[in-house]
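Here the structure comes first, spelled out in structure tokens, and everything after it is commentary.
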Amino acid sequence: MTFLDFQALSPLLALTATILVVLMIIAYNRNHKVVCTTTVIGLFITLATIPCVIGIDPVQVTQLLVIDRFALLLITLIALVTIAVSLLAYDYFDGNSGRPEEFYLLLMLSALGGMVLVSSTHFASFLLGLELLSISLYALISYPIKGLIPLEAAVKYLILSGVASATLLMGAALLYAGLGTLSFEQLGSGFYPEQATVQAYIVIGSALLLTGLAFKLSLVPFHMWTPDVYEGAPAPVTAFVATVSKGAIFALMVRFFVLTGAFEYQSILVGLSVFAIGSMLAGNLLALMQNNVKRMLAYSSIAHIGYLLVAFISGGITGGMALALEASIFFLVAYIVTTLGAFGIVTILSNSDESRDCDALENYTGLFWRRPALAGAFSIILFSLAGIPLTAGFIGKFYIIAAGVKGTLWLLIATLVVGSGIGIYYYLRVIYTMTLKSTSTEPIRIPVASGWVMLLVTATILTLGVYPTPFIDMLGDLAKSLT
Amino acid sequence: MILIALVSILFIGGIIAWIAEGWNRDWPRWVSLISIAVAALLLPSLFLLEPHLSATPATTANSWLILHSIPWIPKFGIAVLVGLDGLSLLMVTLTIFLGLIAVVSSWSEIDHRPGFFQFNIMWTLAGVVGVFIALDMFLFFFFWEVMLIPMYLLIAIWGHENRGYASMKFFLFTQISGLLLLVSILALVFANYGNTGEFTFSYFALLDANLSPDVAYWVMWGFFIAFVVKLPGFPFHTWLPDAHTQAPTAASVLLAGILLKTGAYGLIRFTVPLFPEAAVEIAPLAMLLGVAGVIYGAILAFAQSDFKRLVAYSSVSHMGFVLIGIYAWNQLSLQGSVMQMIAHGLSTAALFMIAGALQQRLHTRDMTAMGGLWVSMPRMGGITLFFIIASLGMPGLGNFVGEFLILMGTFKVNIPITVFAALGLITAAVYALYAMQQTFQGAPTQELDVEDFGAREISVMVLMMVGLVFLGLYPQPVFDIVDPVLAGLYQLTQSTPSWLGSL
């Protein structure tokens, strides 16, 4: 390890240091405000180290990690989302019973796992990051001590996620058996061997690997855990699971496919297409039947990852890689910002002392007239999820359709159009509920920090929707540097 | 720049109206009225513009009054490319005029959240104006969607008893067809990219795209369905009666008056010129759908007992004529279609306002509960009679000119279609007079103590009556404005030898 390596790793090191500092503070003096403030400051320091890295990237730090523009973009995103979740969680836990301090510790550990994932180029770092992310999440999901629902969710996530990790490991083992290496790049150089037996190792290994990833990304048919976990977890954790956890795993998948060139295997692309079609249809159809906002958003996130796969698959078509990556990353960013906003709204309306989060659809009746700003922000977020112009979601969907049309993936595009059509119905149903005459006149308090988070999230959604040019230009360079 | 100013005034006016609600509940409608009036003041100067050659791309005729382009997302060749020619000018004028009418007509109707109501009205108008001036396909699609959401909210929040169902149906129909449009636009852009290596959404560049007949045929279908849903053409019209019936008066006026016209405009501006060969192929089918709409709409209109629903179905019938006229594609039929769009905008908007006024006074739209209203409301009765007569196509009024020209033009192309479409003139008389008899004539069903039209309503109605009479007696100015555009469109489709009856 040289100095350059340490410099390149500085965001990860800064976050690790923050985790240790927060640990000490909690040991010395439990104070919710101090812990949350330190967490946010630490995350901002993490962000501040990123400009120091930009000049020197890309840096390959040992065989395990690479810090390049792609990793840096996602690290920034993860740090920003973690700040937002910390602030939302502060208001969610503030003044309530229970000890919320360790929450931030676990949150940062999980974020660190995500950052390792997005920069890993080796199965060792991949699994390290994945387990760091997941194990912290088990505890986060069951954090509030308010009943059985979070516990049930955590156990479900623990078991299924454990199975998924095991499947993933088996896949990695088979790849190692076939090619004798765990590094993505070296895997890539031997990915198209002559011998049929080695090819079989690779295809079966990749299939197991994809199954594991599909579990984590909650793609149909491995999506069963998602609605229960989303519903059971406290709202800020749901926001984190839906954004950072999925985003980091998708980023890893991008990196794996780019470095190994797994796109060339037609069978892998067919498998992914099946996942995509299943997720878009099942996600949207099941979302139709939900009367619970968190469950509805869970199914809609299944569908969204399905859309994301459409762009991803188009990377397998000759010459389509750059556009596919650009489209995937743009859509991923739009998805993360929008989903964060959606669960942010749920968080603001909920309180950790109540036995359930505010997630029944009828709780939203008349929100437009009780809290117009909050309802307006939620409407913009839902429009973005539905892919309606002026929002980031629209440009994202536009990108995906563009990538799909370029790759002539007509079946996938048709499914996407049908799925989006169904989607409009359940998103609009929420907006419609918010416009009804209010049944309750109980005042809704919007806490300061959460209010600012929502304002920034909404502003980002609109900015990306109206003037995405600077971001698109940046993504263009990024995608070129990746391929 | 003046075009961008026009759209911006409406967008910003809407935001101010929303904010103004916090200060005073009366202000939002004044803000709307004033901003639409300011936008209207920009219009006369547009009528004085001469087509200028320098700005005109080589492939189109010299009919553009203004063309203006600002880069937006250069990577995809997306620009804020706006332009105005005679056709756009007429449509924009109609939009602003009916916008003014819609605001005035709902002056005292809305108590619930007036600021947000005006915001939605203004944004719908802005979206529609944008649709009529956008020449970049991405920008066009952007405005196409922007006009939907406020309209959805108008129906969903301020609509009548069954508003949830109606607004959802409206949104699903238009949104799914919108996605189809988006996919088609992208397919067109990528086909062009494959041929030329240039990414562009510009209308002018895409006119020159050398598409293979197969691609053109399929992409054309996407455009066709998206626009026909909006028109609405048979069999995609089912959203319209629900949406119209449930919408508050101002929203009905905008829906019938201008939103339907965006569909027709899209067919004239995009579907046919972009895919002339494919359009020829489906012209008989399209005209058949038009005829089906004319007759089916009329029959269903006659079967209604809800006054608003009757007017809504009559729209299906009238817009069927527009579809026939567009796909007959000759000077007479296109002139007729344009005239029909404007005249239908005025007459149907007025009828919806009357329906709204009746509902406000009688708290019902059911015609079986009406009858003999002339006794208590003679002024309203007389005005209704005028618009009923206009709607059934009485010579001397705008609607007659439109339908007559469409039939004349279509006769040169397809005689059976013309014969069946002409039946629509008879059926129109049946349902229109039936509506009149059920509501204002006959013996009064009950003693009513209701207010007749006041000065505000009368003055709005008189404006629309003057417009229809003017269009009916002296339609030439409209043709003078729109003829250069139509000539340019022929030039684009002239290379298609099988097209009958071109100039």
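The values are calculated or read from the model by the stated rules, or taken from the named source; none is laboratory data. This structure is a prediction, so every number in the text was calculated from the model and none was measured. Glycine also receives a Cβ, built like all others from the backbone with ideal geometry; neighbour counts cover every protein chain displayed.
Going through (1) surrounded by fewer than 22 Cβ atoms within 10 Å (Cβ to Cβ); (2) more than 14 Å from chain B (Cβ to nearest Cβ); (3) closer than 23 Å to A:Ile422 by Cα one by one, A:Ala377 falls short only on (1). Checked against (1) part of a helix (DSSP H, G or I); (2) farther than 21 Å from B:Asn24 by Cβ; (3) in contact with a Leu (Cβ under 9 Å, 6 or more places away or on another chain), B:Met91 passes all but a single condition, namely (3).
When the residues of region B:103-125 are filtered to those that are touching a Ser or Thr at 6+ places or on another chain (Cβ under 8 Å) and among the aliphatic types (A, V, I, L, M), which remaining residue is farthest from the other protein chains (Cβ to nearest Cβ)?
It comes out as B:Val103.
Against the test of being surrounded by fewer than 24 Cβ atoms within 10 Å (Cβ to Cβ) and over 30 Å from B:Thr439 (Cβ atoms), the options B:Leu288, B:Leu300, B:Leu267 yield a single qualifying residue, B:Leu288. Looking across B:Met341, B:Met380, one residue alone is crowded, with 22+ Cβ neighbours inside 10 Å and within 20 Å of the chain's Cα centre (by Cα). It is B:Met341. For region B:217-230, the criterion of a residue being under 18 Å from B:His318 (Cα atoms), surrounded by 23 or more Cβ atoms within 10 Å (Cβ to Cβ) and at pLDDT below 90 is satisfied by at least one position. I need the full set of residues from region B:136-170 which are buried (at least 24 other Cβ atoms within 10 Å of the Cβ), away from chain A (no Cβ under 12 Å) and more than 16 Å from the chain's Cα centre (by Cα), in order please. B:Asp136 - this is the single residue of region B:136-170 that is buried (at least 24 other Cβ atoms within 10 Å of the Cβ), away from chain A (no Cβ under 12 Å) and more than 16 Å from the chain's Cα centre (by Cα).
Please give the number of the condition A:Phe6 fails out of (1) in a helix (DSSP H, G or I); (2) modelled with pLDDT of 90 or more. Tallying (1) in a helix (DSSP H, G or I); (2) modelled with pLDDT of 90 or more, A:Phe6 fails exactly one: (2). Contact map, region B:64-76: residues that are at the interface with chain A (Cβ under 7 Å from one of its Cβ atoms) and modelled with pLDDT under 85 paired with residues that are buried (at least 17 other Cβ atoms within 10 Å of the Cβ) and assigned to a strand (DSSP E or B), Cβ distance under 9 Å, separation 6+ or inter-chain. Pairs shown: B:Ile73/B:Ala79. Highlighted here are the helices (runs of 4 or more DSSP H) found entirely within region A:402-483 that include at least 2 residues which are more than 23 Å from the chain's Cα centre (by Cα) and within 10 Å of another protein chain (Cβ to nearest Cβ): A:410-435. Whenever a residue of region B:223-240 is part of a loop (DSSP other than H, G, I, E, B), its partners that are basic (Lys, Arg) and surrounded by fewer than 24 Cβ atoms within 10 Å (Cβ to Cβ), lying with C-beta atoms within less than 8 angstrom and at least six residues away or across chains, give the pairs B:Thr238/B:Lys169. With respect to the conditions (1) of a type in the set (A, V, I, L, M, F, W, C); (2) at pLDDT below 90; (3) surrounded by fewer than 24 Cβ atoms within 10 Å (Cβ to Cβ), A:Phe398 lacks only one, and its number is (3).
For region A:218-241, indicate whether the set of residues that are of a type in the set (S, T, N, Q) and either closer than 26 Å to A:Phe184 by Cβ or free of Cβ contacts under 8 Å to residues at least 40 places away in the same chain (or both) is non-empty. Yes: one or more hits.
Of a type in the set (Ser, Thr, Tyr), modelled with pLDDT of 80 or more and either closer than 23 Å to B:Ser8 by Cα or part of a loop (DSSP other than H, G, I, E, B) (or both): does that describe B:Ser45?
yes
B:Leu100 meets the conditions (1) in a helix (DSSP H, G or I); (2) surrounded by fewer than 22 Cβ atoms within 10 Å (Cβ to Cβ); (3) in contact with a Lys or Arg (Cβ under 8 Å, 6 or more places away or on another chain); (4) more than 9 Å from chain A (Cβ to nearest Cβ) in every case but one. The failed one is (3).
Listed by position, the helices (runs of 4 or more DSSP H) contained in region A:210-316 that have at least 1 residues being at pLDDT 90 or above and among the acidic types (Asp, Glu) are A:225-232.
Among the residues of region B:196-204, none qualifies, meaning not one is facing chain A (nearest Cβ under 9 Å) and surrounded by fewer than 21 Cβ atoms within 10 Å (Cβ to Cβ).
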